[in-house]
Every structure is written in C-alpha cells, then in structure tokens.
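Structure first, commentary second.
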Amino acid sequence: MPSPPPSDPDQPIRMVRRGHGVVPRSVGHRSAQIVRAATKLFQDAGFRNVSIEQIGAAVGLTGPAVYRHFPGKHDILSQALTTQVELVGQLMTDAELRGSSPDDQLSLLLDGLGDLTAHRDVSTLWRREQRHLQPAELGVMKEYFVQLSDHFASLIVATRPGIAPSDAVVLGAAALSVYSNTSGMRGSL
C-alpha cells in the first residue's frame, strides 16, 4: 500500500520508484499552488492547449517564473497526476484507520471515492492526459493503480469470504471503473 500522505493535505506529493514500491517526495508550497492551478487548466482545456504563461498567470507569476519551480509543463502534469493519485492513497489510509472492519473500510473507501469523483473530478486528467507521461512515469502510475486494485480486491474478499479472489479482482475493477469514468457523464452527481 502507498505511504501515508503528509500532514498538509494541500501539499502535493512527487512519487518516485524505489525497490518494489512507490514512495512520496513532497514539494514546496508555491509548487503546490502551481500544480493546483495547472490541474484545473489541464482539466478544462487539455494539456496541449495550456501554456506555461497561462499557468503562471493563474497563480500570479510570469511564465518564466514557473520554471523556477518545474523544469517544464510536462513535469507539472506529472506532479498533477501524482497528486491526484495520492488523494486516492489518502482515502485508502483513512478508510483503514477509521474502519473497524473490512466492510466498514470498503464502505468508507467507496464513500471517499464518490466524494472525490463528485467534487474534484480527478478522473478527467488521468483519462485524457496520461498519454503525455514518459514510459517510466506511466509505469509508476500503473504500479500504483495495481496496488489500489489489489487493495480493493482484498477488501471485497474480506467482506465476502465465499468469493473467489479472481472474481474479487473483476468486481473491484468494475467498481473502480465506475468512479474513473464519471467525467464523461452529463449532469451532476
């Protein structure tokens, strides 16, 4: 399972690969502002349609000043996706800590995913912009999603002991796909 998030929920995490897991590395406050602004711009207009100047303007910086925090627009996208992935990790950790049983943990995780999907629309950025990641970055992200899927399947098995693990994986993937595809739905949740 991913490492717990930092105590400041507004501070994004930069994920790095070490050994067999994904390890968070925090970034500064100003960088976090840039990532939040860029995330919204990327979601609204698309990665290719957003300039460094627009990202800077959204946080009161010039375009060139953004380069003091990130080497390029691609690095901002990578951090934005990492931050969104870490939000899901935070939900998993919270469900584990607050849930008194696997059933409670699964319910808390589903509630958290529903809230995250309804209010932050994290899936749009991932679904539409992951193609801009470098192969190594994409591999780390996919590794994280495998960890999430495995965790989800283990909760399903724990709540429904008679289910085959392979069926739990399918059920987990189906449930997670519902949350990851809401961005294409019309109307509000």
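Per-residue SASA remark: LEU106, around 20 Å² accessible (1.4 Å probe; ligands, DNA and RNA not included). Quick one: with all protein chains in place, what share of the accessible area of the range 96-162 is carbon or sulfur, to the nearest percent (1.4 Å probe)? Reported share for carbon and sulfur atoms: 52 percent.
Basic side chains Lys and Arg get +1 at the Cβ, acidic Asp and Glu get -1 at the Cβ, and with that the dipole of the range 38-139 about its Cα centre reaches some 580 debye.
Across the range 60-91, the residues whose backbone nitrogen lies under 17 Å from the label position 7 Å along the beta-carbon direction of ARG48 are 73-74, 77.
The calculated FRET efficiency for the pair ASP150 and ALA65, based on their C-beta separation and a Förster distance of 30 Å, comes to about 0.15.
For SER101, project a label point 7 Å along Cα to C-beta. Then give me every residue of the range 143-162 with its amide nitrogen under 13 Å of that point. Those under the cut-off are 158-161.
Computed from label points 7 Å out along Cα-Cβ, the spacing between ALA118 and ASP167 is 3.0 nm. What is the calculated FRET efficiency for HIS29 to ASP111, with r their C-beta to C-beta distance and R₀ = 22 Å, to the nearest 0.05? So the FRET efficiency works out to roughly 0.15. Between ALA136 and ASP75, the distance separating the two model label sites (each 7 Å from Cα on the Cα→Cβ line) works out to 1.4 nm.
The values are calculated or read from the model by the stated rules, or taken from the named source; none is laboratory data. Keep in mind that what you see is a predicted model, and the values were worked out from it rather than measured. Note that we place each Cβ from the backbone using ideal geometry, even for glycine, and neighbour counts take in every protein chain shown. These accessible areas exclude ligands, DNA and RNA; they are computed on the full protein's heavy atoms, side chains included. Shrake-Rupley method; radii C 1.70, N 1.55, O 1.52, S 1.80 Å.
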